[in-house]
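Here is the structure we will look at.
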Amino acid sequence: MELNSLSQGKWWGDDCLRHVDGFWLLPQFVEPIDRVIKHFRPLPSDIILASLPKTGTTWLKSLLFAIVHRSSKHRLAMKNPHELVPTLEVQVYTASDEPLTTNPCSTHRIFSTHIPYQLLAETLDSSDCRIVYVTRNPKDTLVSTWHFVNKWKKAEKEPWPLEVAADKFCDGLIPCGPYYDHVMGYKKLSWEKPNKLFFITYEELMSDPISHVKKLAEFLGCPFEGDDEEGQIEEVVKCCSFRVLSEHEVNKSEESPAWFQLPYNSFFRKGAVGDHKNYLSDEIIEHIDALTIEKFHSVGFMY
Ligand code: A3P
């Protein structure tokens, strides 16, 4: 993919996203994404977590890790979830066609990606790997994205106005967006192949973590068993909760990882459902609700 030949869309300040097959990508990830599409061959035992940024990726990374590894409390206290479950286009296929890490000691390798299904379909369909997709209501996703972007160095001088962020979101201009197309790509796959893709929303998980973690473990082929099944699930939910995870020194750190420009603590802000009500005007809320009806409800996804 030749970066300069791709059309551009203004996103934040002078920063532009690049248009690739209907999706908007951050320029620094165009080549790594191309490498993932061309070279990543998932094993049947692989678990792929797919999501849009700011929809609950960090939470699901910790949950998948804890479900697969069980006695993971200590490791989750020592390492940020993004170090335990690497993102294909950010940490694995960064500079060459050969993957950097493959977490080989595990029976299940767990990777994450923000690449839309429409771009990764051939890769994902070529293997019996399992996919977990997490999404979040568009208004909270927008507000979380807006906060996150405003933590970037450049925003100190030039903060990103929320009204601009909302306009861009509604026009589909977010990294790996449009939001609605990204979600529907994976949602349709979950309808067609429920045994291949587990689709969960941030809000469902927040409202009943125990039963969703139980279902997730069954889907992954690692069900909780024995007399203490309930206790084991409670332990996983607790050690991956916002309250517990965000208190670990590693997740409070102001240090930035080698693979990202923001500190580890930027992945933990508030961790709540409905925070958009504290930020978005009635007009923006109505506009996004109308878009949700048009893009989701019209095709049978009642989110
Ligand atoms: P807020 O900005 O609304 O607080 P991602 O991991 O996809 O980048 O998403 C980040 C969002 O998930 C942030 O939302 C962050 O605070 C929240 N988050 C991180 N860890 C979480 C956890 N363990 N439980 C619930 N939410 C979490």
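Quick note: the coordinates plus some simple rules give every number you see, no bench work behind them. Predicted model only: the values in this text are computed from it and were never measured. Counting neighbours? That spans all protein chains shown, and the Cβs are built from the backbone with ideal geometry, glycine included.
Here the peptides 227-239, 123-135 are ranked by packing, the mean other Cβ count within 10 Å, and the order with the highest first is 123-135, 227-239. Here's the picture: charge each Lys and Arg Cβ at +1 and each Asp and Glu Cβ at -1 in the chain, and of Gln118, Val236, Ser281 the one pushed furthest to the positive end of that dipole is Val236.
Here, P(r) means the percent of Cα pairs in each 10 Å bin from 0 to the largest distance; for the range 127-190 it is 19, 44, 24, 11, 2.
For Arg136, the residues 5 or more places off, or on other chains, whose built amide H falls under 5 Å of its own are Tyr202. Amide hydrogen proximity for Leu49: with H placed 1.01 Å from N in the peptide plane, the residues at 5 or more positions away or on another chain lying under 5 Å are Phe111, Ser112, Thr113, Val132.
So what is the diffusion coefficient of the range 9-92 in µm² per second by Stokes-Einstein at 20 °C and 1.002 mPa s, using a Kirkwood Rh over Cα pairs? It would help to have the intermediate numbers written out before the result.
Working: Rh = 14.9 Å.
Stokes-Einstein gives a translational diffusion coefficient of 144 µm²/s.
For the range 191-303, the equivalent ellipsoid built from the Cα gyration tensor has semi-axes of 28, 25, 14 Å, listed from largest to smallest.
If every alpha-carbon in the range 40-87 counts as one equal scatterer, what log10 I(q)/I(0) does Debye give at q = 0.15, 0.19, 0.20, 0.26 1/Å? Normalising to I(0) and taking log10 leaves -0.41, -0.64, -0.70, -1.04.
Within the P(r) computed for the range 53-192, what percentage of the Cα pairs occupies the region above 24 Å?
Details: 3950 of 9730 pairs.
I get 41 percent for the Cα pairs in the range 53-192 exceeding 24 Å.
Subtracting the Cα-Cα distance of Arg75 and Lys153 from 0.36 nm times their residue separation leaves 25.1 nm of extension gain. Amide H contacts for Phe199 (H built 1.01 Å from N in the peptide plane; partners 5 or more residues away or on another chain; cut-off under 5 Å): Tyr133. Based on alpha-carbon atoms, the Kirkwood radius and the radius of gyration of the chain give Rg/Rh equal to 0.94. The calculated FRET efficiency for Leu6 paired with His39, based on their beta-carbon distance and R0 = 25 Å, is about 0.80. Computed from phi, the 3J(HN,Hα) profile of the range 241-258 under the Karplus parametrisation 6.51, -1.76, 1.60 (θ = phi - 60°) reads 5, 4, 4, 6, 4, 6, 8, 5, 3, 4, 8, 9, 5, 7, 6, 9, x, 4 Hz, with x in place of Gly and Pro.
The Cβ shell under 15 Å around Lys193 holds other residues with a net charge of 0, Lys and Arg each +1, Asp and Glu each -1.
Quick one: dipole size for the chain, taken about the Cα centre, charges +1 on Lys/Arg Cβ and -1 on Asp/Glu Cβ, in debye to the nearest 20.
Numbers: 33 positive and 43 negative charges, 83 e Å.
Charge dipole of the chain: 400 debye, to the nearest 20.
Could you work out how much longer the chain between Ile293 and Asp21 gets when fully extended? Use 0.36 nm per residue separation minus the Cα distance between them, nm to one decimal. List each step's numbers first, then the result.
Working: separation 272, 0.36 × 272 = 97.92 nm, distance 2.44 nm.
Extra length available between Ile293 and Asp21 comes to 95.5 nm.
With the convex hull drawn around the C-alpha atoms of the range 253-303, the volume per residue stands at 134 Å³.
Modelled spin-label separation between Lys277 and Asn195, with each label point placed 7 Å from Cα along the Cα-to-Cβ direction: 4.2 nm. Inter-label distance, Asp228 to Glu247: 2.1 nm, where each label sits 7 Å from its Cα along the C-beta direction. Sorting the segments 214-223, 7-16 by their mean number of nearby beta carbons within 10 angstrom, highest to lowest, gives 214-223, 7-16.
Across the options Pro42, Gly22, Trp59, the greatest Cα extent toward the positive end of the charge dipole of the range 1-123 (unit charges at beta carbon of Lys, Arg, Asp, Glu) belongs to Trp59. For a modelled paramagnetic label at Ala258, 7 Å from Cα along Cα-to-Cβ, the residues of the range 57-90 in reach, with backbone nitrogen under 18 Å, are 79-90.
What is the antiparallel percent of DSSP beta bridges lying wholly in the chain, to the nearest 5? Please list the in-between numbers first.
Working: 8 of 23 bridges.
Of those bridges, close to 35 percent are antiparallel.
Entry note, the chain: the mean residue ellipticity at 222 nm calculated from DSSP H runs of n ≥ 4, each adding -39500 (n - 2.57), is -12500 deg cm²/dmol after division by the residues and rounding to the nearest 500. With viscosity 1.567 mPa s and temperature 4 °C, the Kirkwood radius over alpha carbon pairs of the range 200-247 converts through Stokes-Einstein to a diffusion coefficient of 115 µm²/s. Based on C-alpha pairs under 8 angstrom that are at least 6 apart in sequence, the chain has a relative contact order of 22 percent.
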